[in-house]
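K.L.:
Encoded as C-alpha cells, here's the structure I'll be asking about.
The values are calculated or read from the model by the stated rules, or taken from the named source; none is laboratory data. Note that this is a predicted model, so its numbers are computed, not measured. FYI the Cβ positions are ideal-geometry reconstructions off the backbone, even for glycines, and counts take in every protein chain you see. Calculation scope for accessible area: heavy atoms of the full protein, side chains included, ligands and nucleic acids excluded. Shrake-Rupley method; radii C 1.70, N 1.55, O 1.52, S 1.80 Å.
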Amino acid sequence: DESVASADAFTADERCVSWVKSKLVLLNVEEDAVWRPKDHTPMVSEFLMSLKAGHLFAYMESDNLKLGPVVPPQYSEVLYLVRDPSKYVTAENMHNTVHVGVLRSNTTESLLKIMSG
C-alpha cells in the first residue's frame, strides 16, 4: 500500500521523536501516559523534517496532550520547541538545533492587564 509507505517515509528518526517526547517532563506530565503515537508522532515528525515548520507547541487540555504549530489562545503552561527550518535535524545535532522552553501564564493576571488597558 503506497499510502502506508509514504506515511512511514515521513516519520522522523525515532531518536529525535523520543528526545522531543522526553521534553514533556517540563510540563510535569508522565510522557507515556499522555503520548498517543498515531496523533503525536506525525506532528513531531513534521516539525523536525519540514522546511516550513519552525516551531511546535505542546500543552495539556484536561488530561489530553495537544501539539500544534501555534500558541494556544489560553494556557497555564506551554512547552515550545523552536528550530531553524533550513537546518536538517539529526540525532547528533538536535541538542543544538532545537531550542526548548516552557511558557507559564497566569491567566487571571493576563486578563487584568488586558482589562486595565
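K.L.:
Let me cross-check T11: its accessible surface, 1.4 Å probe, with only protein heavy atoms counted, in Å² to the nearest 10?
P.N.:
60 Å²
K.L.:
Right, here's the next one. What is the distance, in nm, between label points placed 7 Å from the Cα along the Cα-to-Cβ direction at L103 and at V71?
P.N.:
With each label placed 7 Å out from Cα toward Cβ, I get 0.3 nm.
K.L.:
Ok, one more. Cut-off under 17 Å on the C-alpha distance; same-chain residues fewer than 8 positions from K87 excluded. Which lysines are left, in chain and number order?
P.N.:
Straight-line reach from K87, under 17 Å: K52.
K.L.:
When Lys and Arg each count +1 and Asp and Glu each count -1, what net charge do the other residues less than 11 Å away from S76, Cβ to Cβ, add up to?
P.N.:
Working: positive: R104; negative: E61, E77.
The answer is -1.
K.L.:
Let me ask something else about it. Determine the order of S18, S76, S50 by accessible area, beginning with the largest, at a probe radius of 1.4 Å. Walk me through the numbers before you get to the answer.
P.N.:
Values: S18 50, S76 80, S50 20 Å².
The residues order as S76, S18, S50, largest area first.
K.L.:
What order do R36, R104, R83, R15 take when sorted by accessible area (1.4 Å probe), most exposed first?
P.N.:
On the way: R36 90, R104 155, R83 15, R15 130 Å².
Descending order: R104, R15, R36, R83.
K.L.:
Once ligands and nucleic acids are excluded and a 1.4 Å probe is used, how much of D13 is accessible, expressed in Å² to the nearest 10?
P.N.:
60 Å²
K.L.:
What GluC sites (Glu not before Pro) in the range 14-87 are in a loop by DSSP, with at most 10 other Cβ atoms within 10 Å of the Cβ? Mind dumping the intermediate values first?
P.N.:
Details: sites: E14, E30, E31, E46, E61, E77; in loops: E30.
Passing sites in the range 14-87 are E30.
K.L.:
At what distance in nm do the modelled label points of E30 and E14 sit from each other, each positioned 7 Å from its Cα along Cα→Cβ?
P.N.:
Taking the simple label geometry, E30 and E14 are separated by 2.3 nm.
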